[in-house]
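Student: Quick one: the structure is below, questions incoming.
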Amino acid sequence: MIKLIASDLDGTLLRGGAQVPSAEAMELIRALQEKGVLFSAASGRQCPNLRRLFWPLSGEMVLLGENGCLVTYKGERLLQKGLDRGLALELIREILGMEGCEALISCPDAYWLLPKTQHYLDVVLHRWKMTVCAVEEPEEICEPILKISMCMTDGLDPAVVEAMSARWQGRVANIAVSGKEWLDFTVGNKGEGIRAIRERFGFERDEVVVFGDGYNDIEMLEEAGHSYAMDTAAEAVKAHAGHVCSRVEDVLREILDTL
């Protein structure tokens, strides 16, 4: 029996530029919860953002945020993994020194920014509706740093991604492309987050279903007994999934029908 369903958001549950889950998805999640199935939003976003996005269902959900570096359930922190502070400050300064790049620093309670442009600050505040603290120097960040994201506002340059990956591989545990503009640096991954949930509730791998579309979903796809990559995912991502689907809602309905 399926006991846990976890889904990536952007490009997976949220497709075609959608900013909120569909009414159909929310109703299916509610019905699954009523059948005793635990649902988890598994995203690079911050947990407060996930809580708002799925309100009023989020009180019964596991929030797997920051690409698995922070996992919470009803106020309980199942997992928290942070970067070494000295290493994090060095990386932030390198990103800010690159033309066309912005930094997004993920901490347990807020995103910290050192915005170069008002446009970037407005996007984070008003389009993504994130909890934000803006500062002038990296040393002013006063929370543990869970994840650092490099944003190339005109889209990721493969040459820059390759150079940054080569420079930082081995210094941080995971470097992953996350969407068209983002490169994430963390010491955790979504697979570790799923494992923490399984251990907390005693779920077996075969009782877990996951959905993803990005390179930062690969570890999560490998951690579940039933894994779905989106049909829009890269072939390298699909290779790590047991199935391919076009809509998360269709599979959720199939699961609900079997309960």
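The values are calculated or read from the model by the stated rules, or taken from the named source; none is laboratory data. All of these numbers come straight from a predicted model, not from anything done at the bench. Here the Cβ positions follow ideal geometry from the backbone for every residue, glycine too, while neighbour counts run over all protein chains shown. Accessible surface areas use protein heavy atoms only, side chains included; no ligands, DNA or RNA. Shrake-Rupley method; radii C 1.70, N 1.55, O 1.52, S 1.80 Å.
Student: Starting from residues that are more than 18 Å from A110 (Cα to Cα) and among the aliphatic types (A, V, I, L, M), keep the ones in the range 79-95 and report whichever is surrounded by the fewest Cβ atoms within 10 Å (Cβ to Cβ).
Tutor: Ranking the qualifying residues of the range 79-95, first place goes to L87.
Student: Just to be sure before I move on: is E143 in contact with a Cys (Cβ under 8 Å, 6 or more places away or on another chain) and in contact (Cβ under 8 Å) with a residue 24 or more places away in the chain in the structure I sent?
Tutor: Considered against the rule, which asks whether it is in contact with a Cys (Cβ under 8 Å, 6 or more places away or on another chain) and in contact (Cβ under 8 Å) with a residue 24 or more places away in the chain, E143 comes out as yes.
Student: Pick out the one residue from R30, R45 that is at pLDDT below 95 and open to solvent by 10 Å² or more (accessible area, probe 1.4 Å).
Tutor: Answer to the check: R45.
Student: Another question, then. Can you pull out the residues in the range 155-192 that are touching a residue at least 60 places away in the same chain (Cβ under 8 Å) and assigned to a strand (DSSP E or B)?
Tutor: V172, N174, A176, S178, W182, D184, F185, T186
Student: Do you know which residues across the range 97-144 are among the small types (G, A, S) and over 25 Å from V187 (Cβ atoms)? I'd like the intermediate steps shown before the answer.
Tutor: First, the residues of the range 97-144 that are among the small types (G, A, S): 97, 100, 103, 106, 110, 134.
G100, the sole residue that qualifies.
Student: Could you please find all residues in the range 106-120 being more than 21 Å from T72 (Cα to Cα) and either assigned to a helix (DSSP H, G or I) or touching a residue at least 60 places away in the same chain (Cβ under 8 Å) (or both)?
Tutor: Matches in the range 106-120: Q118, H119, Y120.
Student: Can you name the condition, by its number, that E139 falls short on among (1) open to solvent by 70 Å² or more (accessible area, probe 1.4 Å); (2) within 15 Å of the chain's Cα centre (by Cα)?
Tutor: (2)
Student: Now for a separate question. Return the total of residues in the range 205-259 being closer than 14 Å to K3 by Cα, open to solvent by 70 Å² or more (accessible area, probe 1.4 Å) and in contact with a helix residue (DSSP H, G or I) (Cβ under 8 Å, 6 or more places away or on another chain).
Tutor: Result for the range 205-259: 1.
Student: Of the numbered conditions (1) at pLDDT 95 or above; (2) touching a strand residue (DSSP E or B) at 6+ places or on another chain (Cβ under 9 Å); (3) farther than 17 Å from A176 by Cβ, L64 fails exactly one; give the number of that condition.
Tutor: L64 satisfies every listed condition except (3).
Student: Which pairs do you get when a residue that is farther than 23 Å from I29 by Cα and at pLDDT 95 or above, found in the range 231-249, comes within reach of a residue that is open to solvent by 50 Å² or more (accessible area, probe 1.4 Å) and aliphatic (A, V, I, L, M), reach meaning Cβ atoms under 6 angstrom, with the pair 6+ apart or on two chains?
Tutor: K238/V244
Student: Scanning the range 121-136 for residues that are β-branched (V, I, T) and assigned to a helix (DSSP H, G or I), which turns out surrounded by the fewest Cβ atoms within 10 Å (Cβ to Cβ)?
Tutor: V123
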